[in-house]
1. Looking at the range 230-268, which of its residues are of a type in the set (Gly, Ala, Ser) and more than 19 Å from the chain's Cα centre (by Cα)?
2. Restricting attention to the range 244-259, which residues are in contact (Cβ under 8 Å) with a residue 24 or more places away in the chain, surrounded by fewer than 19 Cβ atoms within 10 Å (Cβ to Cβ) and in a loop (DSSP other than H, G, I, E, B)?
3. Does Gln210 qualify as being farther than 24 Å from Thr114 by Cα and either in contact with a helix residue (DSSP H, G or I) (Cβ under 7 Å, 6 or more places away or on another chain) or buried (at least 16 other Cβ atoms within 10 Å of the Cβ) (or both)?
4. Using the structure shown, decide if Met234 is part of a helix (DSSP H, G or I) and within 22 Å of Met179 (Cβ to Cβ).
5. Mind checking which helices (runs of 4 or more DSSP H) fall wholly inside the range 59-173 and carry at least 1 residues that are in contact with a Gly (Cβ under 6 Å, 6 or more places away or on another chain)?
6. Which of the residues belonging to the range 168-178 are in contact (Cβ under 8 Å) with a residue 40 or more places away in the chain and either surrounded by 17 or more Cβ atoms within 10 Å (Cβ to Cβ) or of a type in the set (Phe, Trp, Tyr) (or both)?
7. Could you check how many residues of the range 61-119 are touching a strand residue (DSSP E or B) at 6+ places or on another chain (Cβ under 9 Å) and of a type in the set (S, T, N, Q)?
8. Any residue at all in the range 207-221 that is in a loop (DSSP other than H, G, I, E, B), out of contact with any Lys or Arg (no Cβ under 6 Å at 6 or more places or on another chain) and modelled with pLDDT of 95 or more?
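The values are calculated or read from the model by the stated rules, or taken from the named source; none is laboratory data. Quick caveat, the model's predicted, so the values are computed rather than measured. As a convention, Cβ positions derive from the backbone with ideal geometry for all residues, glycine included, and neighbour counts pool all protein chains shown.
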Amino acid sequence: MLDRLSKTVFSTLARSGSLKSLASRFGMRRADSFARRFIAGETIDEALAAARVVEQAGLHTTLDLLGESVSSAAAAGEATLAYLDVMRKITDAGVERNVSLKLTQLGLDIDRATCVDNLRRILDEAAARDFFVRVDMENSPYTERTIEIFETLWNIGYRNAGIVLQSYLRRSEADVHRMNKLGARVRLVKGAYKEPADAAFQQKAEVDAQFVHLMKILLKEGIYPAIATHDEAMIGATTAFAEASGLGKDKYEFQMLYGIRRDLQTSLAAAGHPFRVYVPFGREWFPYFMRRLGERPANIGFVIRGITSEKK
């Protein structure tokens with residue numbers, strides 16, 4: 001019940017234009033601000049500096065220029081150009097060539113052709129520069145369209161990309177099999193959007209059980225899946241299943257969000273698990289940040305500890 005209430009409240013806050021404007025003016029102003037614990041900054045230079053620190057600790061990174069739900073072809077084109085510039089700067093900086101993006105950022109709400117053309121431009125540049133591109137998943141009205149566009153580009157030869165699936169969606173088991181059959185790399189997450197009961201499991205126990213179920217399918221049948229969770233129970237279930245199945249640690253990787261459970265991130269990497277940190281940045285950080293807080297009430301505690309205690 002608390003999980004659902006938290007997600008409802010923060011989903012509403014994420015859509016508030018006035019709060020977003022206020023946060024954009026003040027939330028990133030100080031180097032020790034509450035948001036900077038979880039957002040690398042507003043510029044690519046700040047993100048690159050954060051990525052270097054993460055990589056120096058022996059972890060992998062993926063950079064995400066935050067943005068979503070653009071309302072014009074011009075804005076989608078600007079986002080595309082921004083991603084091309086981000087990849088050039090990542091190349092020049094020498095950090096890992098791995099990025100994540102959302103399709104509504106590239107024009108999915110405008111029309112399919114605009115989105116596909118913009119994604120192709122990014123994937124072409126990514127191929128030329130040896131990047132891997134992860135297509136993030138948004139809320140359930142976009143799930144089928146996101147997968148269909150991903151499949152279309154995969155089938156015409158764009159293989160330098162992977163996709164995200166959310167365990168709380170009732171359809172996700174079929175989507176896991178669909179992506180495994182395709183041969184695509186899947187990042188498995190629980191899911192951060194508020195969804196209706198007919199689309200998604202509502203109870204934490206159900207979501208956790210489904211996450212473990214899908215994780216096992218991905219480890220048995222998938223191509224280098226990414227198991228993205230901060231939940232130690234889910235991590236323990238993954239390592240136990242991998243060991244029981246005789247899977248080497250090089251057959252999958254763990255992923256976590258920037259600024260959350262940094263102690264666990266480093267301990268898993270030290271134990272020999274490939275580990276990737278999702279590094280978000282950009283001026284459009286507020287909706288992302290609100291969803292992270294609403295994903296589960298414990299995340300609010302991460303913020304409070306980040307403000308009141310010594311940074312690890």
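1. Within the range 230-268, the first condition is being of a type in the set (Gly, Ala, Ser), and the residues that meet it are 233, 236-237, 240, 242, 244-246, 248, 259, 267.
Within the range 230-268, Ala233, Gly236, Ala237, Ala240, Ala242, Ala244, Ser245, Gly246, Gly248, Ser267 meet the criteria.
2. Step one: of the range 244-259, the residues in contact (Cβ under 8 Å) with a residue 24 or more places away in the chain are 245, 247, 249-259.
Adding the requirement that they be surrounded by fewer than 19 Cβ atoms within 10 Å (Cβ to Cβ) leaves 245, 247, 249-251.
Answer for the range 244-259, where residues must be in contact (Cβ under 8 Å) with a residue 24 or more places away in the chain, surrounded by fewer than 19 Cβ atoms within 10 Å (Cβ to Cβ) and in a loop (DSSP other than H, G, I, E, B): Ser245, Leu247.
3. Numbers: farther than 24 Å from Thr114 by Cα: yes; either in contact with a helix residue (DSSP H, G or I) (Cβ under 7 Å, 6 or more places away or on another chain) or buried (at least 16 other Cβ atoms within 10 Å of the Cβ) (or both): yes.
Yes.
4. Yes, satisfied.
5. 73-93, 112-129
6. From the range 168-178, those in contact (Cβ under 8 Å) with a residue 40 or more places away in the chain are 168, 172-173, 176-177; that's our starting set.
Across the range 168-178, the qualifying residues are Tyr168, Ser172, Val176.
7. 5
8. Keep residues of the range 207-221 that are in a loop (DSSP other than H, G, I, E, B), which gives none.
No.
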